[in-house]
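Single-structure report; data block below.
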Amino acid sequence: SDPDLVARATAAKAALGDRVFVLGHHYQRDEVIQFADVTGDSFKLAREAAARPQAEFIVFCGVHFMAESADILTSDAQQVVLPDLAAGCSMADMAALPQVENAWDVLTELGLAERTVPVTYMNSSADIKGFVGRNGGVVCTSSNAKRALEWAYQQGEKVLFLPDQHLGRNTAVLEMGFSLDDCVLYDPHKPGGGLTAEQLREAKMILWRGHCSVHGRFTLDSVNDVRQRVPGVTVLVHPECRHEVVRAADLVGSTEYIIRTIEAAPAGSAWAVGTELNLVRRLALAHPDKQIMFLDRAVCYCSTMNRIDLPHLVWALEELVAGRVVNRITVDADTAHHARVALDQMLALPG
Ligand code: 13P
Ligand code: SF4
């Protein structure tokens, strides 16, 4: 990275000292990750943000929904900054509050809402987390989806899972023993979600039609192709991948699980990893004694994660040094209160 920008970021961080805490998601660029005080997946970063009451400013190198969660979990005196406001998440954008309220109305008219517990993946807007908190549900991440879904299913007899159909289906079918027929896909662009009343009555898991544009790109062909090219390879994927990809893989787990697994792997072993490319490249560089490759032949970063680059980080830090808070992310008090209920429920899940 540009040595001048590196020097400026270093100087700005030093000038701010303990007043600033920089969080970096594992999918961030190397040039940004080098300035993170802590790196993690979305679950770890949410906990880290909540554990830093002394930091006046949390600079979140990640995407918008993560910065919102940090604002919800930190005190009113702390200010959360997202270095580029264009760092959104296409999956989170696939579930808008009016669409989810509409789905809830459909369930209410059928007399099903009171027996349905909503669960939202961390990768959703604060509005959606607020909706879930208001309706007795819970937030989950890819590290605790099974525990969250089991809890929710025990509370009701039906779960509405937002917004990632793949994480919902993979968890329900591969970890909880549900059948594919127990799951239905609710399409927010169709009246009634494109489902009949009978389908909604019968379903145990109502999966929202959302997906991650990065993990959704891996296909069964990617898995078959790498197995042919690299005999003995172990295929390790994130649960945001499609169901047939996860089924064909050897191992599945959250970003933190992927990192732990690679770290523990023996020298000489070969791994095809189905997750974001910045992370896979860093893992390959950190473990030259292992053969670590990207599951797809095509290059594929998360374009919105990549919006946070060193120029934006330097700008945000230097503005803080100058006494100006730019790109502050705030969640209104009412939404934050209810979202916090759903986040606290996640943090209190047993196990
Ligand atoms: P985790 O950080 O929970 O592994 O989620 C992956 C992801 O897509 C984050 O945007
Ligand atoms: Fe959203 Fe997928 Fe990018 Fe994560 S990797 S921020 S889920 S688009």
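The values are calculated or read from the model by the stated rules, or taken from the named source; none is laboratory data. Given the structure is predicted, the values throughout are model-derived calculations rather than measurements. As a convention, Cβ positions derive from the backbone with ideal geometry for all residues, glycine included, and neighbour counts pool all protein chains shown.
Report, by residue number, each residue of segment 103-162 that is closer than 18 Å to Gly210 by Cβ and of a type in the set (Asp, Glu).
Matches in segment 103-162: Asp127 only.
What tally of residues in segment 1-31 results from selecting those that are over 23 Å from Gly323 (Cβ atoms) and within 16 Å of ligand 1 (Cβ to nearest atom)?
Residues flagged as over 23 Å from Gly323 (Cβ atoms) and within 16 Å of ligand 1 (Cβ to nearest atom) within segment 1-31 amount to 6.
Within the group Leu85, Leu73, which residue is at pLDDT below 95 and not charged (D, E, K, R)?
Leu73
Here is a yes/no grid of residues against (1) away from ligand 1 (no atom under 16 Å from the Cβ); (2) among the aromatic types (Phe, Trp, Tyr); (3) not assigned by TED's automatic domain parsing to the domain that holds Glu150:
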{"site": "Ala197", "(1), (2), (3)": "yes, no, no"}
{"site": "Lys204", "(1), (2), (3)": "yes, no, no"}
{"site": "Asp221", "(1), (2), (3)": "yes, no, yes"}
{"site": "Val233", "(1), (2), (3)": "yes, no, yes"}
{"site": "Pro239", "(1), (2), (3)": "no, no, yes"}
{"site": "Ala249", "(1), (2), (3)": "no, no, yes"}
{"site": "Glu256", "(1), (2), (3)": "no, no, yes"}
{"site": "Ile262", "(1), (2), (3)": "no, no, yes"}
{"site": "Pro288", "(1), (2), (3)": "yes, no, yes"}
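Filter segment 43-67 down to residues that are farther than 16 Å from Ile308 by Cα and either of a type in the set (A, V, I, L, M, F, W, C) or within 12 Å of ligand 2 (Cβ to nearest atom) (or both), then give me how many there are.
8
Considering each residue of segment 41-56, count those that are out of contact with any Asp or Glu (no Cβ under 6 Å at 6 or more places or on another chain), surrounded by 20 or more Cβ atoms within 10 Å (Cβ to Cβ) and over 18 Å from Ile329 (Cα atoms), and give that number.
Residues meeting the conditions: 1.
Please state which of the following conditions Arg307 fails to meet, knowing it meets all the rest: (1) touching a helix residue (DSSP H, G or I) at 6+ places or on another chain (Cβ under 9 Å); (2) within 15 Å of ligand 2 (Cβ to nearest atom).
The one condition Arg307 does not meet is (1).
Working carefully through the options Gln28, Gln78, find the one that is outside the structural domain of Leu167 (by TED's automatic domain parsing) and surrounded by fewer than 21 Cβ atoms within 10 Å (Cβ to Cβ).
Exactly one residue qualifies, and that residue is Gln78.
What residue, of Arg8, Arg29, Arg47, Arg19, is basic (Lys, Arg) and in contact with a Ser or Thr (Cβ under 9 Å, 6 or more places away or on another chain)?
Among Arg8, Arg29, Arg47, Arg19, only Arg29 is basic (Lys, Arg) and in contact with a Ser or Thr (Cβ under 9 Å, 6 or more places away or on another chain).
Do you know which of the residues in segment 32-60 that are away from ligand 1 (no atom under 16 Å from the Cβ) and without any contact (Cβ under 8 Å) to a residue 24 or more places away in the chain is nearest to Arg340 (Cα to Cα)?
Looking at residues that are away from ligand 1 (no atom under 16 Å from the Cβ) and without any contact (Cβ under 8 Å) to a residue 24 or more places away in the chain, I get Ala51.
Just the residues that are assigned to a strand (DSSP E or B) and either closer than 22 Å to Leu200 by Cα or over 14 Å from the mean Cα position of the chain (by Cα) (or both), please, taken from segment 140-167.
Lys158, Val159, Leu160, Phe161, Leu162
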